[in-house]
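These notes are about the structure you will find just below.
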Amino acid sequence: AIFDGADLRDAQVTDNEMPNSSWVGTELHAVAMEDTGLQGARIEQADLSGARFVDVRMQGALLLSTSLKGINMNGPADLTHITIFNSSFQDAFLPGALFVEANARGVDFSGSILQNSDFRRANVERSSFAGATITDATFDFANVSLTDFTNAIGASKGSWFNIQGTPVGLVL
């Protein structure tokens, strides 16, 4: 399915499977998605700020130059193997989100709620978790080189087994 350039602001999307779909330049501000599969989707230069996702599966998706500021991904959020570049999850609500083996270098997670999230084997090099809540999050085997954890909340309760690189501002 191709949604390039579509204006879906405030739309409701439920019970859909849209693998390998394209969302280039799509306006998705405040969209509500529930029980939706976006595996392998390409989301580029899209606005997902303020969106609400419940049980959305985005394994292997590609996010490029996309705003996810303030997105609410309450409920199962599987972003395993996702690739994210030049995008922002600033002030997002992502409790328990799965970013396992994600390639998320340089992504802004600052101020986000990420408790119980899983970044095992993820590459978050040069990303920012400044002021984010990362209580009980897992970063085992992750590349955290030059990743900013300044003022991150709950870092001492996370799992940091065998991390790679030297993070900034990480206090355990």
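The values are calculated or read from the model by the stated rules, or taken from the named source; none is laboratory data. Keep in mind the model is a prediction, meaning the values are calculated, not measured. Here the Cβ positions follow ideal geometry from the backbone for every residue, glycine too, while neighbour counts run over all protein chains shown. For the accessible areas, the whole protein counts, side chains as well, though only heavy atoms, and no ligand, DNA or RNA atoms are used. Shrake-Rupley method; radii C 1.70, N 1.55, O 1.52, S 1.80 Å.
Table for the structure above
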{"read-out": "Residues of region 37-73 that turn out to be open to solvent by 40 Å² or more (accessible area, probe 1.4 Å) and touching a Pro at 6+ places or on another chain (Cβ under 7 Å), as a count", "value": "2"}
{"read-out": "Sole exception among (1) surrounded by 17 or more Cβ atoms within 10 Å (Cβ to Cβ); (2) in contact with a strand residue (DSSP E or B) (Cβ under 9 Å, 6 or more places away or on another chain) for A155, by number", "value": "(2)"}
{"read-out": "Neighbours by Cβ (under 9 Å, 6+ apart or cross-chain): first from region 70-96, in contact (Cβ under 8 Å) with a residue 12 or more places away in the chain and closer than 16 Å to E125 by Cα; second among the acidic types (D, E) and not in a loop (DSSP other than H, G, I, E, B)", "value": "S87/D108; S88/D108; F89/D108"}
{"read-out": "Single unsatisfied condition, V171 versus (1) at positive phi; (2) at pLDDT below 95", "value": "(1)"}
{"read-out": "Every pair of residues 6+ apart whose Cβ atoms lie under 6 Å, when the first sits in region 127-139 and is on the phi < 0 side of the Ramachandran plot and modelled with pLDDT of 95 or more while the second is among the polar types (S, T, N, Q) and not in a loop (DSSP other than H, G, I, E, B)", "value": "T138/S159"}
{"read-out": "Strands (runs of 3 or more DSSP E) completely within region 22-136 that count 1 or more residues being basic (K, R)", "value": "42-44, 52-57"}
{"read-out": "Hits in region 19-44 (condition: touching a Ser or Thr at 6+ places or on another chain (Cβ under 7 Å) and of a type in the set (A, V, I, L, M, F, W, C))", "value": "L38, A41, I43"}
